[in-house]
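See below for the structure under consideration.
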Amino acid sequence: MKRLPLLAFVLAATIAFAFSPKGEDSNQYGHDSTQWINVTGVTPGPTTYTCDAAVSEHCLYDAPNGNPLNPGENKMFVNRGIAPLK
């Protein structure tokens, strides 16, 4: 019974962390085999970009020549109308 307040605090902190908004402000880039495309804040779709199934590929990165955002996803970036980085 003595540890009940501590347990309640730990549970509340865990729930707050689990349901807090994720890092929407992080940059996202795709590579269409020749150019890097900034897709930060862009919703995937038929006129923007898609992440299609592929073997040993990555769709989105944290920066040009950066780290994959979802390693092991086996999806390839397909640009469907977004202008490349200048």
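Every number in this text was worked out from the coordinates using simple rules, so none of it is lab data. Remember, it's a predicted structure, so these values are computed and weren't measured experimentally. With ideal geometry, Cβ positions are generated from the backbone for all residues, glycine too; neighbour counts draw on all protein chains shown.
Figures for the structure shown
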{"quantity": "Anisotropy class of region 23-86 from Cα gyration tensor, a/c 1.5 cut", "calculated": "rounded"}
{"quantity": "Protection proxy ranking of 69-75, 41-47 - average other beta-carbon atoms within 10 Å, highest first", "calculated": "69-75, 41-47"}
